[in-house]
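Every number in this text was worked out from the coordinates using simple rules, so none of it is lab data. Because the structure is a prediction, the values reported are computed rather than measured. Cβ: placed from backbone, ideal geometry, glycine included. Neighbour counts: every protein chain shown.
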């Protein structure tokens, strides 16, 4: 058979056909054989099924498979197949010559082909396929006669374009193959057909001028797709904790698992933030900046040196921890550092702004994705249908959870039936309303009580500070932090008890619960901020002759007094004279002895770090005591107790989804607020989330039981995201305010010496960019340009809102029409 | 990339990746799950595509399926001959459709097949009754079951023939907020 030479594609073939008729004659033999086979096939698909043995002729088998492949291809494309069929005939013949080389693949395909037939019978595409097959058979009849001529014609531009179209269709089919509701065997054979077709004709399409370039492009596309697939595989392999979450999902249902998925997502964000702060801020300063001890801001003051290495001091993040890359105050304000000319202050500023920008972007993107998945909205027109077809959670893989689920489905059906059969009685409504009002009143009382408690504790701590903190033990020193954490622990439980009065559907009850806890945490946070400002105020008053409030108000006079004091001290080294302009050589003074100005940024950073650490400790201790010890107690003391501990009080605890999610969100708010002042915060948070994941996974599996009413987490996801976005917005306000309005400390941090932190940008524009750039930027930041830009954005938001509303209305109209 | 496996040819793996929603690693993991059900029946070399079928009892005993009241129907829908005995291809197909990445309409198509107990391409009243009884483990009275089925047909039957066709079912299920998250098995 002369087909071996034609393996490379029709380009080669046309050259050969031009050579003479002997090739044609050679091809005539296989063609007539195939025509004979085609004749047999023309009698219909059904006959082929009877040939159960695999001893049919190679051509016949291959031919049937080729036809079926094309039939499947036809289903995918809606274009007019008539002119394309002639092309396909040619394609068939050429690829058949190729096929004769791979025996075993075809052999296996025929096996698939047989089974695929049976699969086809089940699908409702059968009728269509028979029609398509018939059409093809007719074409083949006419095609077989005229084959010899059509192969020898050069392919025209129009046919080339059509061929290209077909190749594109096949490629699209391959890409969407996994979405088709076919049996695997059929999919595999269709894939094979389509791939061979594409391979054959990618070569053919590269005719004439751009042939080599086209072939190169095709090869690059293939390599790119392979790379993409490998990258996707790699990305999926990188996702951590998949098995753990699966186990939890099968035991506790998807609502509990959604918390862990949320935790994992937060971990990803924190890793990126950690990468930014570590790689672009901490490492350059550590490697290329001046070492510890070379500058006053980088050295522990003489007075604190004795206790600087104690564990207690380090745990409190003072001493050596304070004067290190972990906090704002360590960084020098040199414009460039090291031989790389790394611009440290610019990097610090951009990393701070960039972290916030990245967080906004990713939260908004996730919200948009979730909104897409939600689809319909609150529809009650399919109440019973949805109960029947979507209430069973296929993820459940545990008999206990399954039992709970069966019970909850039964109850839900019974409730719906009762609602359907009778209308609600009057008294019930009033009683329910009264109970709900009472519950809300109690919740408000709890919130007020917690706010007052924090205020009280803060005032006491101010008193302690005035009297000197050395006189008091650990409790008094950490009272504010501990009380806040304890409140965050107990109040949600209180809200839970209150909500049992309200008698809502569990999903609605969860929303109320989340809302109340949100209000609680927000109130605590504001009280804490006020306390923070006051406390620093007090410390400052105690140690130095001015207050932070004054600093905040930009009281330059007081700062100048301090500066004057420092120059006096310097001068005192020159034995008492106060020179007007000092030209004497600088005397070497140990940096530890130089008096410092206050560094409020580091103090703020320290407070945030302490809060995060204490929050972490509280969570872990709560889990160990609240869940683990309780479970141990119930399990082992049940034998010698009056009542059944497992069914009555206290019983095993259920996993508190709302409390944990909100804790996570508020913790992240802390990180966002504090990471500008303490670059070490994302690192601490990554560590915290990592250990939290393992500890909570263990605790859930070991100490908790599945919830009584197992319900879906479904749309709560966007609720969490919305809260996260709100917290992000609130957290970035303080940082943005300080960047824009407050002068940085004059002798610590990368912005020391400037009047405002954002001046580093204008400085960079001046020094590092060509002059025209600075001019352009100057024009761009002109209010005359910014205001129209803002106006344009507002108008575009309005326009997009209007179009989305109109789409929704059109949707509703269509829905109505369908019904 | 550490692809030193000898179970499938590279071509087979690529084809499986194109036909399912799984990555290479997941396909190998699924193969080992399949094999673990009956190590003596399933060979370690699939490059010549052996025709190995596992009986329904083994499939139904998998931890992901054993608590599911519809496991028999799931196995029947995805099996070759509709009897619940599955080859590796069927196995991969089943978990691909039930995975997270499968689109709504593909899942709706197969969900319809699963709930159509008598395979007549319509979900009629008897199919609905069987579904409810499986969901509640026969705890509802016959009147309650009948009421539920009537309500479902009332809500979802758009062409008023007293039973749900594929189009009716798809129209109803596509809007359901929980469908994607419940019709999902993670493996």
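What to note about this one:
- Added length on full extension, which subtracts the Cα-Cα distance from 0.36 nm per residue, residue A:236 to residue A:817: 204.9 nm
- Cα convex hull of the range B:10-98 - mean projected area over all directions, nm²: 5.5
- Nearest-ten-degree value, helix B:142-156 long axis tilted from longest Cα axis of chain B: 80
- Kirkwood Rh, Cα atoms: Rg over Rh of chain B: 1.03
- Each of B:175, A:343, B:29 was scored by other Cβ atoms within 10 Å of its Cβ. Listed from fewest to most, they are B:29, B:175, A:343.
- Modelled spin labels at residue A:762 and residue A:635, positioned 7 Å past Cα toward Cβ, are 6.6 nm from each other.
- Between the helical axis of B:88-97 and the longest alpha-carbon principal axis of chain B there is an angle of about 50 degrees.
- Working note: Cα gyration tensor of the range A:308-451, eigenvalues times five, square-rooted, sorted largest first, giving semi-axes of 57, 26, 20 Å.
- Placing one equal scatterer on every Cα of the range A:447-525 and applying the Debye formula, the log10 ratio I(q)/I(0) at q = 0.11, 0.17, 0.18, 0.22 Å⁻¹ is -0.39, -0.70, -0.75, -0.96.
- Peptide B:64-72 has a mean of 4 when you count, residue by residue, the C-beta atoms of other protein chains within 10 Å of its C-beta.
- Ellipsoid fit via the Cα gyration tensor, the range B:104-182: semi-axes of 20, 15, 12 Å, each the root of five times an eigenvalue, largest first.
- Taking other Cβ atoms within 10 Å as a rough exposure proxy, A:748, A:491 sort from fewest to most as A:491, A:748.
- Pairwise Cα inverse-distance average, inverted: Kirkwood Rh of the range A:157-238 (Å): 14.3
- Projected over all directions and averaged, the alpha-carbon convex hull of the range A:253-335 occupies 7.7 nm².
- Fully extended contour minus Cα-Cα distance, from residue A:654 to residue A:306, at 0.36 nm per residue: 120.4 nm
- Average other protein chain Cβ within 10 Å of Cβ, residues B:6-17: 2
- Sorted peptide list for A:785-794, A:359-368, criterion being average Cβ within 10 angstrom, highest first: A:359-368, A:785-794
- Per-residue Cβ neighbour counts within 10 Å put A:527, A:602, A:176, A:764 in the sequence A:176, A:764, A:527, A:602, beginning with the fewest.
- Inter-chain shielding of A:313-326 (mean C-beta neighbours from other protein chains, 10 Å cut-off): 0
- In degrees, nearest ten, helix B:104-115 long axis to first principal axis of chain B (Cα): 70
- Per-residue ellipticity at 222 nm from helix content only, as computed over chain B with -39500 (n - 2.57) for each DSSP H run of at least four residues, stands at -15500 deg cm²/dmol.
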